[in-house]
Each structure stands twice: as C-alpha cells, then as structure tokens.
1. Considering only segment 117-141, how many residues are assigned to a strand (DSSP E or B) and in contact with a Ser or Thr (Cβ under 8 Å, 6 or more places away or on another chain)?
2. Here are some residues: Asp274, Asp209. Which one is under 30 Å from Ser26 (Cβ atoms) and either modelled with pLDDT of 95 or more or assigned to a helix (DSSP H, G or I) (or both)?
3. In segment 142-162, how many are over 20 Å from Gly118 (Cα atoms), in a helix (DSSP H, G or I) and not hydroxyl-bearing (Ser, Thr, Tyr)?
4. Go through segment 230-260 and count every residue that is assigned to a loop (DSSP other than H, G, I, E, B) and buried (at least 16 other Cβ atoms within 10 Å of the Cβ).
5. Can you find a residue in segment 216-224 that is in a helix (DSSP H, G or I) and touching a Phe, Trp or Tyr at 6+ places or on another chain (Cβ under 9 Å)?
6. Could you give every pair whose Cβ atoms fall below 6 Å, whose first residue belongs to segment 21-38 and is touching a residue at least 12 places away in the same chain (Cβ under 8 Å), and whose second residue is of a type in the set (S, T, N, Q) and exposed (fewer than 14 other Cβ atoms within 10 Å of the Cβ), counting only separations of at least 6 or pairs across chains?
7. Can you find, within segment 186-206, the residue that is nearest to Ala112 (Cα to Cα) among those that are part of a loop (DSSP other than H, G, I, E, B) and basic (Lys, Arg)?
8. Restricting segment 226-244 to residues that are in contact with a helix residue (DSSP H, G or I) (Cβ under 8 Å, 6 or more places away or on another chain) and modelled with pLDDT of 95 or more, which is nearest to Ala12 (Cα to Cα)?
Amino acid sequence: MILLVDSGATKADWVAIDKDGTRLFSSQTKGLSPESVDKDEMLIRLNERFDISQNRNNVEKIFFYGAGCATDNLKSIVISALKEFFPKVQTVVVEEDIYGVVYSTTPIGTEAIVCILGTGSNCSYYDGEKLHQKIISLGYLLMDDCSGNKLGAELVRAYNFKKLPPELSEKLVKEYKMDIDFIKENLYKKSNPNAYLATFAKFIIQNKDHQFIKEIINRQMQFFIDYYIKQYPNCYDVPINFNGSICFYLKDELEKKLAENNLKLGTVIRRPIDGLIDYVCKHKLKD
C-alpha cells in the first residue's frame, strides 16, 4: 500500500493506492505541520482515524507533501512520526507542500510561478524540472501573507479597533464568538492559532462584495504580488498557478488583481491530492 498525503496547517488529505495506482481509500486528518504540532501530537492525530490506523501495518511507501516542511529539521519530525506510526514502511518521502502543488498544476517541462493561498501561503518558481525558492517562509507569525490566517487577522484587528462597519460587526458577532478572552485563549493558549484565525476567512469570502472587505482582500493580494510573485523577474512571462481555499473561492478577485499587475492567472485548484495521484503513478511508482 502507498499513501499520498497533502497536509496543510488545518487539515491533511490522505489517499491510499496500490502499486497499480488503484485508489483503495481516502481519509482526512487534522494538519500535520511540524511548525505547529510536535511528533506526539502527530501520532495522536493519526491514531484518531480508524481507516488509517487499521492499515498501519500495510503501508510500504509514503509520499508526504506538507506545510511547514521547509527545512531538514522540520522534515525529520514528520519522517520520525510516520516511521513510528507505520512500522513496516520502507520509503518515506517528505517535501514542502509547494511541491505537491507543482506536481498537481504544472506539467513537467512547463515553466510557471506556483503559489499556495490557504491557511498559509507560499510562492515558488518551477523551471520545468526544478523548483526555485528565493525566500524560505518564516511561518505564520511573520509571513503567510494573503492567507486565511492573515485575512482573518485583519478582520479580527479591525473588529477590536472598532474600525469594522457596524453592519459587518453585527454579522460577525452573530457568527463567531468575539469575546476577548476567548480570542486570546485561541491565539495564545491553544495549538494552531493560525488555523483559528483562518476560520474567519469564511466571513471574508461570504462578504467579499462589501467595500470594507474588498479593501482587505485587495491589500493582501497586492502585497502578495509585490513581495512574493514579483521576486521572480520572469513572472510576467509565465502562468501563475494557485492552490488553496482562499484562491479557489476568491478566484475572480485574484484574476482581476493579477491583470492589474500585467500578470497571467494559470491553473487554480482547491486541493492537489487528485493531481498527486497521477504524478506519483507516472513518476514515482517506477522507482
């Protein structure tokens, strides 16, 4: 059995296939980002899923593409957890989540800028063979611009500073618990504060036509374009592919903002897991 995993900070999609590429089962766990959770918590999250747990002795290969796996040290945490949970696994490949997006959106031999806009964010250049990253992310506190995390943070800050228009403030209080102590507990005492802030992205998307929300979206998108996409000089010449819930649900706004900057929107997908199956079957199962 081979496991393919696309893990963000919030959730991880799992697909089991056999050596012929036939899908055996699909599952989902909480996110397994080593920036947010330690090895022990990863093992707990794996054990929560019966379909994964009952097959732990049948897994021979794992291809894991995950948020927070940018350095060897962070990758080693995931590898250690996976090897402990799946005792008979022979091959464990762990790469940053951006690689999963590349393999799902960009054919080998094709150039593209490849971005993630989900709970977190990322941006890289794929030359058709290799992935190039000029800047390694500093994580959800200092980077992750235009992500669900940052959009949510802007919304909560606006509410707390009493800058949110009354009609939006009233709607927000009806849909979310906006008690200050509750917010602080989720930000400073509970795990995954970035995922908590990203829950407010749903409100942003639902109210995207309100002028105040439009300004938040435009501001975040322009910053992402200026500091992430435009770091690559050839960004005007190649398509810009995206993965994640933020770009998926704000595709029209994203396409308009890119056009204003003379940039071309390429493929936009919500989750890369289906594309990963095709990639792994074509390029990895022969190994």
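The values are calculated or read from the model by the stated rules, or taken from the named source; none is laboratory data. Note that this is a predicted model, so its numbers are computed, not measured. Cβ atoms come from the backbone with ideal geometry, glycine included; neighbour counts cover every protein chain shown.
1. Applying the first criterion (assigned to a strand (DSSP E or B)) to segment 117-141 yields 117, 121-126, 131-132.
Still in the list and also in contact with a Ser or Thr (Cβ under 8 Å, 6 or more places away or on another chain): 117, 121-122, 126, 131-132.
Total satisfying the criteria: 6.
2. Working: Asp209 fails: under 30 Å from Ser26 (Cβ atoms).
Testing whether each residue is under 30 Å from Ser26 (Cβ atoms) and either modelled with pLDDT of 95 or more or assigned to a helix (DSSP H, G or I) (or both) leaves just Asp274.
3. Residues of segment 142-162 that are over 20 Å from Gly118 (Cα atoms), as a first pass: 158-162.
If we keep only those that are in a helix (DSSP H, G or I) as well, we get 158-160.
In the following step, the residues that additionally are not hydroxyl-bearing (Ser, Thr, Tyr) were identified as 158, 160.
Selection size over segment 142-162: 2.
4. As a first pass, look at segment 230-260 and keep what is assigned to a loop (DSSP other than H, G, I, E, B): 232, 237-239, 244, 250.
Those left that are additionally buried (at least 16 other Cβ atoms within 10 Å of the Cβ): 232, 238-239, 244, 250.
Qualifying residue count, segment 230-260: 5.
5. Going residue by residue through segment 216-224, those that are in a helix (DSSP H, G or I) are 216-224.
If we keep only those that are touching a Phe, Trp or Tyr at 6+ places or on another chain (Cβ under 9 Å) too, we end up with none.
No: segment 216-224 contains no residue that is in a helix (DSSP H, G or I) and touching a Phe, Trp or Tyr at 6+ places or on another chain (Cβ under 9 Å).
6. none
7. Of segment 186-206, the ones part of a loop (DSSP other than H, G, I, E, B) are 189-192, 199-200.
From what is left, the residues that are basic (Lys, Arg) are 189-190.
Numbers: Lys189: 40, Lys190: 38 Å.
The selected residue is Lys190.
8. Per the stated criteria, the residue is Phe242.
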